[in-house]
Structures are given as C-alpha cells and as structure tokens.
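Bear in mind that the values in this text are calculations on the coordinates, not laboratory data. As the structure is a prediction and not an experimental result, all values here were calculated from the model. All Cβ positions, glycine included, derive from the backbone under ideal geometry; neighbour counts span all protein chains shown.
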Amino acid sequence: MSNKTKDILDRGKAVMMPTYNPSIAIASGKGLTVRDVDGRMYYDFTSGIGVQSVGYGDKRVVEAIQKQAAAFTHCSNLYINEPEVALAEKLVKISGLGGKVFFCNSGAEANEAAIKLARKWGAAEGRYEVVTFRQSFHGRTLATVAATAQAWCQEGYNPLPVGFAYADYNDLESVKAAVNGKTVAIMLEAVQGEGGITPATNEFMRGIRKICDENNLLMIVDEVQSGIGRTGTWFAWQGYGVAPDLFTCAKALGGGIPIGALISNAKTADVFTPGAHASTFGGNPVAAAAALAVIDAIESDGLMENALRIGELFREGLQAFVDKYDALLEVRGKGLMLGLVCEGPAKDLVAAFKELGLLALTAGEHVVRFLPPLTLGEGDLEDVIDMISDALSGVYGD
Ligand SMILES: Cc1ncc(COP(=O)(O)O)c(C=O)c1O
C-alpha cells in the first residue's frame, strides 16, 4: 500500500468511527471507473453500491448540479422550489401509480416514512404491524433495522421498535401465517439485494398483492437498490404486472447527491397531513435537479434497454464460469443486478477481483454481487469477464 493511501486510511481511522473498513481512497471517477489517490484505476462494478447508474461524471448531471448550486442550494419546506415539483411530477408519471411523493435524503429515511405512513393509515383501526422478510435489508435507523430481519444488523440495538413480523421470502404460506388483526402492511424488496440478489417470483409478487387486497393491507415495495432502471424497468415491481400502494427509492435517483423518495398511489397520497412528517433537506433543489438529469439520461440513452441486453450478456459470461467451476453454484438476478453464488466465502472472490482492478460486492456470505453502471457496453464487459476469468483461475486453478 502506498504512502498516500495509507496516510488517508490512517487519518480516517484516527477520527472517524469504525463503522466501515475501507481499503481504497478514491480520488476521482469517470464513466465505469474510479481512480484511487495513487492513480490506480478500477472498474467500479458496485456503482458506489447502486448509486452511479449513469456512470461517474455524466456531463448532464454535473451541469444540472452546477447550475442549480449557482442559483440556490437550499430552501426550507416552509417554501417550495420548482425542481422538487418537477421531480415529483416525473416520479408520479414514470411510476404510473397516480399518487404523490414525499422527499427525504436516504433509503432508510424513505422506508421509515413508508412505515410511518402505513401506521398512520391504520391507526384508527389500531393496526400497526408490518410484515417484512428474512434476508431483507431496509436500512439502519431503528425502525428499518427492526424491519430488516437479519440478526447481524440488529445485534446490540435492543430494545428494537415493536410492530414487525417476519416471513420467508418467496413463500406465500409463511406470509399468510404472519398476517393477523394488527397487520397494516407488507413490505418487501422486489429483488432482495443485501440478502443475496434473490428476485421475487412472479407468483410471489402477485400473491402478496392478493393477500394485501383480501386483508385491506398496504403493499410497500423497497426499490432503494433495484430502482431507477437497474432491472430493465424504472422500478423492479413494474416487471411483475402488479402495482404496490407505496414504494421507496434512493441511491441511484440522485446520481451521487443524497436523496430519498416515498411514492404513493392515489389511496395513500394524502395520509400525511401538514406537520405529520418532515425532513429539513427533503426536496433539496440540487438533489432534485441531479435526479431530473439522471432520469433524463436514462430515458434518452436507452439505459433500461441496455441493462437488459448487457445484463443478459453478463449473465451468460458468469454462467460459463458456473459451468466450469464446481465451487460456483448459480447466477441470479435481473438486468444489471446480478449475483454469482459460490460455495466458499464470497469475500475471497471479491478480494481477488479487487487485486486485478475490479470492484464488486458481497451479498451475504456466499454471493458476489455486481451492480455496474447501466452505461456498461460490450467492450468493457469483455475486459471485465477476462479479469474475472483470471481471478477465478488464481483462486480455483485452471
Ligand atoms: C433495499 C435497500 N433498502 C434500504 C437501504 C438503505 O439505504 P440508505 O443506506 O440510503 O439508507 C438499502 C441500502 O443498501 C437497500 O439496499
């Protein structure tokens, strides 16, 4: 490790709480790649964990941010700004749900808003419980940690907020068993991200909608990782032919500027009344301007179609490795949200990829997760497949 990288890592360790364990200090990003402070380049097939879907440094996004920053960077929610209205109009339009939007700053905050809205909606009947799923991930606030049915992210935080019941993903019977007289909503990811890149089956998504309709429950979909075109539709639920009552997005929406959004249908559009919920930076004009530019770029460059087409090629490339190595078990996911399931620790493969200049993620212990920018083309994909091939030869032998 060079002095520059070591110096920044050491300085960070001394003054930043050790919630993360970084090993690279990023200096810049361009397109599909990032460069560290020592000039080493990496393909970022994490997109900054699902954020840089239009790639680093997209000119249109940068210009939108610069232009808005020069005009004004903040206005309180005592007033309104045009970019937030334009973004809400756009989200209502591309969702097709005919509802309204609440803006905040992150995925956890958007999910927290969804949980609060559901509770408010059910309050008159004394209903408040939300059914969520094992292997899910919904964020790091106390309520979203409670919603995330995974021990590793709950440990040490007791007592957690009450009002969550856990079911098994892709298992409708376990959902039916979790629903009771206090249930107000079912919240799920259309593709479980952190939990292992597991897509919901068609039957499961439609079954959840049916259970919600039969029991007067709200269906909430967390699109924080899967949303904004990554799976080939604006939101992954759109690929299932069902419509939720509420869904959340964040990450890729702002092209790197923090933003979160809760989007409703008509039924839930006016549950929050003035003063019922708020966020100082919600609807921030710079974030909204960036998000509008991201959505425009995805539309005008055909990036959802590209996610499907290149995603299929990437999947085929990974499948060839599964066919070759017994230690690789399966490729799964949708569009450019792909998981390579392995017998051993996924972190070993992620480390081997990094050595060769490719950044990937784990999703649980046994899944390597790829979330490349949706701008990925065939030439770069070929380079990356070669890197993966070399790394796998190094780990498993030829
Ligand atoms: C599905 C899902 N929901 C919520 C979150 C939390 O988002 P944030 O880190 O922006 O709070 C994440 C983050 O990885 C996520 O993947």
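Values as computed for the structure displayed
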read-out: Helices (runs of 4 or more DSSP H) contained entirely in the range 107-202, each with at least 3 residues that are surrounded by 15 or more Cβ atoms within 10 Å (Cβ to Cβ); value: 107-122, 142-147, 172-178
read-out: Unique residue being acidic (Asp, Glu) and surrounded by fewer than 18 Cβ atoms within 10 Å (Cβ to Cβ) when the list is 10, 44, 36; value: 10
read-out: Selection status of residue 2, over 27 Å from the mean Cα position of the chain (by Cα), of a type in the set (Ser, Thr, Tyr) and under 20 Å from residue 351 (Cα atoms); value: yes
read-out: Every residue from the range 270-285 that is buried (at least 18 other Cβ atoms within 10 Å of the Cβ) and farther than 17 Å from residue 78 by Cα; value: 271
read-out: So residue 243, is it assigned to a helix (DSSP H, G or I), out of contact with any strand residue (DSSP E or B) (no Cβ under 6 Å at 6 or more places or on another chain) and farther than 21 Å from residue 149 by Cα; value: no
read-out: Residue ID - nearest to the chain's Cα centre (by Cα), chosen from residues in the range 214-240 that are in a helix (DSSP H, G or I) and either within 10 Å of the ligand (Cβ to nearest atom) or surrounded by 24 or more Cβ atoms within 10 Å (Cβ to Cβ) (or both); value: 236
read-out: Output for the range 313-337, where each listed residue is assigned to a helix (DSSP H, G or I) and under 20 Å from the mean Cα position of the chain (by Cα); value: 314, 315
read-out: Hits in the range 153-204 - residues which are more than 21 Å from the chain's Cα centre (by Cα) and among the acidic types (Asp, Glu); value: 155, 171, 173, 203
read-out: The range 359-383: number of residues that are within 27 Å of residue 294 (Cα to Cα), touching a residue at least 40 places away in the same chain (Cβ under 8 Å) and buried (at least 23 other Cβ atoms within 10 Å of the Cβ); value: 10
read-out: Meets criteria (acidic (Asp, Glu), buried (at least 22 other Cβ atoms within 10 Å of the Cβ) and within 16 Å of the ligand (Cβ to nearest atom)) for residue 84; value: no
